Amino acid sequence: MATLAPEAPKFTHWSQTQPKDALAHIPGEDGWPILGNTLELLADPTAFGNRMRAKYGDIYRNNSFGRRGVIMFGADANELVLFDREKIFSSEQGWGPVLDLLFPRGLMLLDFDHHRADRRALSIAFKPGPMRHYAGALNRGISDRAEEWRGKDILFYPAIKQLTLDLAADSFLGVPLGPEADAINKAFVDMVQASIGVVRKPLPFTAMGRGVAGRKFLLDYFTRETLKRREAGGGQDMFSQFATATREDGTLLPVDEVVDHMIFLMMAAHDTITSSATSLVWLLAKNPEWQDKLRTEILAVTGGEGRPLAYDDLGKLDLTEMAFKEALRLIPPVPSLPRRALKDFTFKGVRVPAGTPVGISPAAVHMEEEHWPEPHKFDPLRFTPEQVAKRHKYAWVPFGGGAHMCLGLHFAYMQVKVLMAHLLSRYQIEIAPGYAPEWQPWPIPKPKDGLRVTFKPL
């Protein structure tokens, strides 16, 4: 008896639209004509989500940013979408409307077999050998910059943003600081700004126009450099590792794919680590008793003020890692994650048709009392092995999950641990009494005033 081939997905690109009434059976709100709920969502994403969830439950229809879709809440929703046993959810089509003009074909915008093959090839950049090299570069760069902050009152967010860019030039690209690194950084910053711009066409004098120009600059630069690095036989920096990465059959990744992956990785790593490092510094400044605990741990491992944190010692900073995880819980750098359903599915009794944009909210789940008693309290001990074992595996997902778990998460842990080792061994991080900066919650959280802190020498 003949077996029927599986039906091909009806939606092969994010620009394809559903019938207008496709989601009419799902409770929710369409909002204003054209704008939908966009303005209310932008004004306060948390309040909007809480209001809609209280009214409609853990799945509801929403209309914002020109697209009608569904939002799903809870650890079970995270598991369904991120683990994706049935290959229902497309990351490419979820992120496409936001990133396609600037960061197409990056690892996050690939699905299923193509994603698996490229992820395996790129993982070589995060093996112990290259990671040891990055650790050395991070220690040098962070130590020098930390000394410049001695005794100063600084705006931490722009300071760590610049430091992250400079570290990326060294660790990611193997390019010394100077005019070339500055040009790369400018192009990259222009692209990131364009990705969240209101105008989505590359018109002159707009953020998108500057972003597209920045992408062209980086395409030309990375194409030339990929060929040079292959000719030279590679190197220990991340870009050289990508340039010489091979697929399972031994073939090199195509040059254009190496370039797209590198540009995307710089974007994914830069703003997220800037946000998460800032949130950790803010929470430690608010909770100085935890500075003392982490400092004691760090000094016991490194042996003294300003000494480097060796790669082999990263696993010894248990409390530091738990504090970082708690900061990621309270202020996740990616508060929401988009996908698109390629097949019909059901969640909590609600049928969702193929072609539906689907969103989940790590930020909301991170504040659920079911998983996190006193959720607004900073308590790193939530992340002891005993506590973690008791919790739903998808109650904490700052790095995503499943096949799309962040490829660079170990690099992120390393960068933050090295940062803490150099800051807390030298300084007490202080803020003014009663100081409470307002945070921009979306698309990537940051303090609106830049976060004013003082690094007081011990």
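Worth a mention:
- Of the residues making up the range 420-447, not one is among the small types (G, A, S), crowded, with 19+ Cβ neighbours inside 10 Å and more than 30 Å from T302 (Cα to Cα).
Residue-wise test of (1) surrounded by fewer than 18 Cβ atoms within 10 Å (Cβ to Cβ); (2) of a type outside the set (F, W, Y); (3) more than 25 Å from the chain's Cα centre (by Cα).
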site	(1), (2), (3)
P338	no, yes, no
F345	no, no, yes
E369	yes, yes, no
P373	yes, yes, yes
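For every residue, the table says whether it meets (1) more than 23 Å from Y221 (Cα to Cα); (2) of a type outside the set (S, T, N, Q); (3) not in a helix (DSSP H, G or I).
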| residue | (1), (2), (3) |
| --- | --- |
| R150 | yes, yes, yes |
| P158 | yes, yes, no |
| L167 | no, yes, no |
| D170 | no, yes, no |
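- Residues of the range 30-49 that turn out to be surrounded by 15 or more Cβ atoms within 10 Å (Cβ to Cβ), out of contact with any helix residue (DSSP H, G or I) (no Cβ under 9 Å at 6 or more places or on another chain) and on the phi > 0 side of the Ramachandran plot, as a count: 1
- One residue alone among D318, D379 is among the acidic types (D, E) and crowded, with 17+ Cβ neighbours inside 10 Å, and that residue is D379.
- Per-region count, the range 50-102, residues β-branched (V, I, T) and surrounded by fewer than 18 Cβ atoms within 10 Å (Cβ to Cβ): 1
- Test: residue in the range 122-136 that is in contact with a Ser or Thr (Cβ under 6 Å, 6 or more places away or on another chain), crowded, with 21+ Cβ neighbours inside 10 Å and farther than 29 Å from W439 by Cα: yes
- Per-region count, the range 103-148, residues more than 30 Å from I88 (Cβ to Cβ) and not in a helix (DSSP H, G or I): 1
Every residue, every condition in (1) assigned to a helix (DSSP H, G or I); (2) more than 25 Å from the chain's Cα centre (by Cα); (3) crowded, with 22+ Cβ neighbours inside 10 Å, yes or no:
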position	(1), (2), (3)
E231	yes, yes, no
F242	yes, no, yes
D256	yes, no, no
M262	yes, no, yes
L265	yes, no, yes
H270	yes, no, no
W282	yes, no, yes
A285	yes, no, no
E289	yes, yes, no
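- Residue within the range 82-92 that is β-branched (V, I, T) and either touching a His at 6+ places or on another chain (Cβ under 7 Å) or at pLDDT below 95 (or both) present: no
The values are calculated or read from the model by the stated rules, or taken from the named source; none is laboratory data. Owing to the predicted nature of the structure, the values given are computational and were not obtained by experimental measurement. Glycine gets a Cβ as well: all are built from the backbone with ideal geometry, and neighbour counts include every protein chain shown.
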